[in-house]
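Down below is the structure, laid out as structure tokens.
Values quoted throughout were computed directly from the atomic coordinates according to the rules given, and no laboratory measurement underlies them. Only a predicted model underlies this, so the values are computations on that prediction, with no experimental measurement involved. Cβ placement follows ideal geometry from the backbone for every residue including glycine, while neighbour counts extend to all protein chains displayed.
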Amino acid sequence: MGARVVMSKGGNLRVKRGWRRLLSWQGLMAVLLGLVLAVFVLFGLAYALIQVPSPNDMAQTETSIYYYSDGKTELARQSAVNRESVKLDAVPKELQHAVLAAEDRDFYSNPGVSVSGIGRAMWAAITGGPTQGGSTITQQYVKNYFLSHDQTLARKGRELIISIKVEQAQSKDEILGNYLNTIYFGRGAYGVQAAAQAYFGKNVSELSLSQSVFIASVLRAPSLYDPARGDQQRANVTSRMQYVAEGMFSEGWITEAQRDGVKLPETVAAKPATALSGPNGYVVSLAREELMSKAGLTAEEIERGGLRVTTTIDRSSQQAAVDAVSTERPGGTAANGIRAGLVTIKPGDGAILALYGGADYATNPYSAATQAQLQTGSTFKVFTLAAALEQGISTRQTYDGNSPRWFSAAETKGEPWEVKNFEDKSYGYLSLRDALAKSVNTIFAAANLEIGPARTKEMAIKLGLPENTPGLEDNPSNVFGTASTRVIDMANAYATIAASGVRAEPYVVRQLTSTHDRIKGYTAAPSTRQVLSADVAADTIEAMTRVVTDGTGKKAQAIGYAAAGKTGTTDENKSVWFDGFTPQAATAVALYMPDSKGVAQPLRGIGGGSEVTGGSYPLAIWTNYMRRFMAGRDPVAFPQRVGIGDSTARIWVNPTPEPGNETSQPTQGDENRDDQNRSDQDRDRSDSRRPEGRDSGGEED
């Protein structure tokens, strides 16, 4: 026992021994030994209790189901597991080596677990740091096929024990083969055989060296390495392939010449999943986008499946939309290429009740409802009218509706501008609301210049159009719908008016649950805000009802309920619209015919008519659909007209021409069309399934 001699205060010598120090070291060693023993005991218990799950258990739960709004009726069923297992000897050695070079170069010599990697991962889980890499292929196999992806200590511990047990139960070749058959490669493909088909349309045994290196490269993060997703992903996978090829060379698996010959191979187009077919495929596609943008899921989590998604789509409304398009769309060979888009939104809520983006997503995944950007024509005049009301201009105020009209450079703040009505028809002086009903170009050009085109643009954005809408500018002609908008955006803008100025963000996913704990639940909450005064909305709605009662949208009366809306026909009839609403639903319908490059072509010689307008097929589709949508619903009245600016409105009355004096000038007076009673016989309630030409009166739309 160590001791030392020290001098006391009295000058005497004494011996001071290190007992306390000895006892403290013994205690520390005892604690450490106890901890080590406890760890071994706990590990032994865990090792005895934790069993390797059956690989088939998870595979049986990997189907995602999308429901209609009732949460019970299936809209679509999607199996996320696209897997065809193959034996390891069917996998080219080049692909096996590429995977090892990418993920675990000493796979055949390591014990199946990376102690340092587990330590780093556990430390990251404790400290909240970033996830650390370094897992072996065995650990990845266990994590991806048997366990969840949550970053918890419990999951890490299970991964360690199951990996050790798997190493004892299976040979290295068996583990590698199972790994290659189960790991996710993107594009819905699980396993190398499905990946070979998904990216190259061939069996895995037929892959070249470059294709093998590509397959090994994308498995790290498929959404970041699929070149079909964009230039950044293309650059990512090119760099990753260089890393993998260099690793294969350094391990002696390929020659220097082979390494230098590895290039990014051409991939085939991604095929939509089986659920993404028919008209409902467009709904599922939009729901998947929303699951990523709002519910926070990754593409891999969606593809992995096990989701239960309740949409906002009403089953009967969706079927009505499909039937209406099928029944009312133009017929004949010339109309084969016509695309139709329809979207219904619940005013004041944003729920998408029906969506038609095309006949079959599998054959044409480009949605006419949510992706196609089309000029809107005269449906845009509603935004100018609402902007005028915000400036205190009454819808009873009259303007010169003769044609043609020249507007000076001073008025346009640019070049002189000639505006004509359809067929160059003159209307004399009309109120703004009657001009909306008849879609009089010269009047809306004048109104747009009076308030300033910038206010029309601002109103369109305020009501629901994205700021980056192509062609959305503040020039004088914006009133004629020169901007290229999506059907869903126009439906939302009109829904804002129908909701008395309350704008809502459209959504299609109402609720998300999952069979896997790794996916958090999600429930949508309507996002709304008042963007337009209720008074302005009321006077806008009243003017829009005149389109249905007296103007270009008369056939919409056939739904049997009060409705408001606007027709729209663009230059050269390249796209045609009818957008309208009842208090319960806002629905936009558009038709166009793209060429092979997606550019809209003139709709002429279609359906036996000279040209297609917004008052023909779009209105017929809208009416057929909305009649079924509204059937059995209680009528809800529109708000009463407020009369903004009536007291200061400039009102001119067209004189009754005397024989030989047709050039009499208008006189100022009261515009009293509001007080005229319209009899039922004056209302065209025709429900023609094939509207012929334009409405009587020669209006543009």
**Study point:** By average C-beta atoms within 10 angstrom, highest first, the peptides 640-650, 171-181, 280-290
**Key:** 280-290, 171-181, 640-650
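Evaluate 2.2 N^0.38 Å with N set to the residue count of segment 563-631, then give the Cα radius of gyration divided by it.
Values: Rg = 13.0 Å, N = 69, 2.2 N^0.38 = 11.0 Å.
So the Cα radius of gyration is 1.18 times the expected 2.2 N^0.38 Å.
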Check your understanding: What is the distance in Å between the Cα centres of segment 165-229 and segment 533-561?
Key -> 58 Å
**Study point:** Range of Cα positions in segment 594-635 per principal axis (Å), largest first
**Key:** 44, 24, 12
Point to revise | Inter-label distance, nm, simple model (7 Å from Cα along the C-beta direction), Q242/S426 | key: 7.3 nm
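What FRET efficiency comes out for the pair N654/T523, r = Cβ-Cβ distance, R0 = 41 Å, nearest 0.05? Can you show the working numbers first?
Numbers: r = 57 Å, r/R0 = 1.40.
After rounding, the FRET efficiency stands at 0.10.
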**Study point:** Karplus-derived 3J(HN,Hα), 6.51/-1.76/1.60, for each residue of segment 493-503, Hz, glycine and proline x
**Key:** 5, 5, 5, 4, 5, 4, 8, 6, x, 8, 8
**Study point:** Table column - 3J(HN,Hα) (Hz), segment 584-593, Karplus curve with 6.51, -1.76, 1.60, x for Gly and Pro
**Key:** 8, 7, 10, 10, 10, 10, 9, 10, 7, 10
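Can you tell me the alpha carbon radius of gyration of segment 296-411 divided by the globular rule-of-thumb value 2.2 N^0.38 Å? Show your work: numbers first, answer last.
On the way: Rg = 21.2 Å, N = 116, 2.2 N^0.38 = 13.4 Å.
Taking the Cα Rg and dividing by 2.2 N^0.38 Å, one obtains 1.58.
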**Study point:** Kirkwood-type radius of segment 403-540, with distances r between different C-alpha atoms, in Å
**Key:** 17.5 Å
Review point. Using modelled backbone amide H atoms (1.01 Å from N, in-plane), which distant-in-sequence or interchain residues come within less than 5 Å of T485's amide H?
Key: L374, Q375, T376
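Could you pull out the pairs from K425/K597; K271/K597; K87/K172; K93/K263; K172/K202 whose alpha carbons sit more than 25 Å apart here? It would help to have the intermediate numbers written out before the result.
Details: K425/K597 36 Å; K271/K597 20 Å; K87/K172 14 Å; K93/K263 18 Å; K172/K202 27 Å.
Correct reply: K425/K597; K172/K202.
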Exercise for review: Let me know the whole percent of all Cα-Cα pairs from segment 213-363 that are separated by more than 22 Å.
Suggested key: 59 percent
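Between E174 and L264, what is the FRET efficiency for a Förster distance of 25 Å, r being their Cβ-Cβ separation, to the nearest 0.05? Show your work: numbers first, answer last.
Details: r = 32 Å, r/R0 = 1.29.
Efficiency, from the Cβ-Cβ distance: 0.20.
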Point to revise | Rg [Å, one decimal], Dmax [Å, integer] - segment 507-662, C-alpha atoms | key: 21.5, 86
Point to revise | Placed amide H near V576: partners under 5 Å, 5+ positions off or other chain | key: L591
Revision key, fill the gap. What the Cα atoms of segment 372-413 span along the principal axes, largest first and in whole Å, is 35, 25, 22
Review point. Taking one equal scatterer on every alpha-carbon of segment 496-571, how large is log10 of I(q)/I(0) by Debye at q = 0.11, 0.23 1/Å?
Key: -0.50, -1.03
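Can you figure out the FRET efficiency of R234 with K597, using R₀ = 25 Å and their beta-carbon distance, to the nearest 0.05?
Details: r = 22 Å, r/R0 = 0.89.
So, using R0 = 25 Å, E works out to roughly 0.65.
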